Structures are given as C-alpha cells and as structure tokens.
C-alpha cells in the first residue's frame, strides 16, 4: 500500500483530492493532517475513515507531531495543501498567513528532509507543494502566466505563498529533496467554503440576500473545476519531474460579473424563479485593496510534458457545482449555522474552531 501524507485534506481542494485518490488508486492510503481551522471541515471526509484514510488532527508547524508521522516507514509522498487562503482575511490579519504558509511549509519541508536523509521515506518520495497563480501578480488585458513569469505578489496572502514556493524550490536546489511546485488558477466545485465567490453567490441567492461584487465586476479570473485540478495534481505527483513547476489552468477566463450572471440565471432555473430575479440581488461594493485585474494560466507545459488537460468546460463545471450544493443542503446548513464548528470544538477543543 502506497502511503501519502496530505496536509489540509479537510479543506476544499484537499478533501476533493483525498476523495479522488481513494477512488482512482485502490492501492494507495492517505494520512490526512489538518488543523481544522475555520475552513477545515472534518465532515468533508468523515465518511472515508478506514484502512485507507487516517485523519490526524494537528498543525504543520508542530515539529514533534511531524516527527511522529514521518517516523512511520515508507511515506511515498507529501501533497501540501494546508494554507491560509483567503485574500480578504490576509489583508485584515497577515500574521497568520506568515505562520502557516511560510513557517508551516518550512517545518514540513524540514521534516521531510530529515526523514529522507535517515532513509525512512520511499525511494521515489516526492513533495508536491500546491500553490496559486496569485504569486505572479496582475496581468494586463493580454498575455498568460507561464512557469517563468516573474513573481510579483500583491496581497499578504500571495506574498506568503510566493515565499513558500521559494522554500520548496530551494530545498530541491540546496538539499536535493524531490520537490515539485504547482501554481493553479481559481478553483470551484463541491465542498468550497462559502466565503469564496461562487458558493457565496449560490448561498445568497438561495436565501435572497444581496450578491456583493467588488468594483464594477470587471476583474478576470481563469476558472478550474476542482476535479480537473485534482487529476492534474495526481498526474504531477506520479509523473512530474522533481525541481519543476507546472501551471494548472482551466482555460476559462471570465469577468467576475459574468460568473455572477451565469450563476443567477442557472439558480433561477433550478429554483423555479422568474428569469432575472436573482440578478436584481447584485450589489456593487467598494473594490478590494490591491485587487489584481486579471489572472490567466498558460497550461501548455503540463499538457505537453504530462498529457493533462481539463475535462470540464466552465458551463459543465458550474452546473455540476450548483447541483451539488442544492443536493447537499444539509452540508450547507452545517456551514452557515456554524454547526460544523461546534462539532469540532466538542471533539478537538478550541484549537479546532479557528
């Protein structure tokens, strides 16, 4: 059984990745390390507990805990999702982003390196650091981010992820640790925490609340369905070259206001409301400080070298996403009511409530 350590495996992308791996790789098992801060939800993976999925509650900055985990012989890889990830929160409180995204990544790399040097890891061990296209800063109306684009982060969040990228790269160049970096575009899909644009719009439409849109809604993002992202990560983990960076994009550039209009119209259909009802809820609000104008990924390297390309167009992906939320309203209600926090507090104490 091939054992993989997944950090942040109770979060949005991490939980989807855990599910995808257990579905596609029957000879793999996962150690899922998550601190269960506000966006980590054990309910995302609770049904998976068993011989192939073991949850460990803890912080990637806890050196003793990491030493215990890596003392288990033969870990074949680390897939590192654990991070503070919301730009708005980083503007209000950047210190947590430095602690988790920079220092936490360093602790994890160091623990991996020490175990690798001691011969405890699988001979083909790989450390996959999952990052973001936001490290590249803002694009103008033309061009795409490539793996050689200069880093130019605009927010405390993207600056912390950029620093983590540099540490992962340095551990390969300096020590020979088999690290690989991926930089992805905006993800969407099941299990995404409701502060993000797409689930926020869905939840607010259900409850007939205002739909806040920054500025004039003209900021552009490249959207990637989370299942496609997970397939790309699995491809990189198995076949990517150590020391390399791979950009992962959905090839679906859209303005934020376009996204909101699409969601409004699809939700009106599914909720049997007159066309245009949800669009009336759109409310333009003051723009976010340092709000990057446009992100767009050139994913030709991962396609050319590893054969990956997204399988879902945006129209298909957003329809599947909306249907998942409407079919899983009990999950939505536990998030919006805070019930998931109460459960974590009862089982893991205050540390599990963020």
Please find, among 238, 227, the residue that is in a helix (DSSP H, G or I), out of contact with any helix residue (DSSP H, G or I) (no Cβ under 6 Å at 6 or more places or on another chain), closer than 21 Å to residue 328 by Cα and at pLDDT 95 or above.
227
Close pairs from the stretch 30-56: first at positive phi and touching a residue at least 12 places away in the same chain (Cβ under 8 Å), partner buried (at least 22 other Cβ atoms within 10 Å of the Cβ) and not in a strand (DSSP E or B), Cβ under 6 Å, at least 6 apart:
36/344
Can you find even one residue in the stretch 187-200 that is in contact (Cβ under 8 Å) with a residue 12 or more places away in the chain, crowded, with 22+ Cβ neighbours inside 10 Å and part of a strand (DSSP E or B)?
yes
Applying the selection to the stretch 271-303, what residues are free of Cβ contacts under 8 Å to residues at least 60 places away in the same chain and at positive phi?
272, 276
On the given criteria, is residue 171 in contact with a helix residue (DSSP H, G or I) (Cβ under 7 Å, 6 or more places away or on another chain) and without any contact (Cβ under 8 Å) to a residue 24 or more places away in the chain?
no
Out of curiosity, is residue 216 surrounded by fewer than 24 Cβ atoms within 10 Å (Cβ to Cβ) and out of contact with any strand residue (DSSP E or B) (no Cβ under 9 Å at 6 or more places or on another chain)?
no
Please state which one of 124, 152 is within 19 Å of residue 98 (Cα to Cα) and either assigned to a loop (DSSP other than H, G, I, E, B) or touching a helix residue (DSSP H, G or I) at 6+ places or on another chain (Cβ under 6 Å) (or both).
152
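For every residue, the table says whether it meets (1) surrounded by fewer than 17 Cβ atoms within 10 Å (Cβ to Cβ); (2) at pLDDT 95 or above; (3) not in a loop (DSSP other than H, G, I, E, B).
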site	(1), (2), (3)
259	no, yes, yes
263	no, yes, yes
266	no, yes, yes
269	yes, yes, yes
275	yes, yes, no
292	no, no, no
Residues of the stretch 44-101 satisfying the condition of being buried (at least 19 other Cβ atoms within 10 Å of the Cβ), within 19 Å of the chain's Cα centre (by Cα) and more than 23 Å from residue 16 (Cα to Cα):
90
Which residue out of 121, 128, 139 is touching a residue at least 40 places away in the same chain (Cβ under 8 Å), touching a strand residue (DSSP E or B) at 6+ places or on another chain (Cβ under 6 Å) and more than 23 Å from residue 233 (Cβ to Cβ)?
139
Candidates 242, 210, filtered to the one that is within 21 Å of residue 129 (Cβ to Cβ) and touching a strand residue (DSSP E or B) at 6+ places or on another chain (Cβ under 8 Å):
242
Among the residues of the stretch 125-138, write down those that are surrounded by fewer than 20 Cβ atoms within 10 Å (Cβ to Cβ) and at pLDDT below 95.
138
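The values are calculated or read from the model by the stated rules, or taken from the named source; none is laboratory data. Note that the structure is a prediction, hence the values are computed from the model and not measured. When we count neighbours, we look across all protein chains shown, and the Cβ atoms used for this are built from the backbone with ideal geometry, even at glycine.
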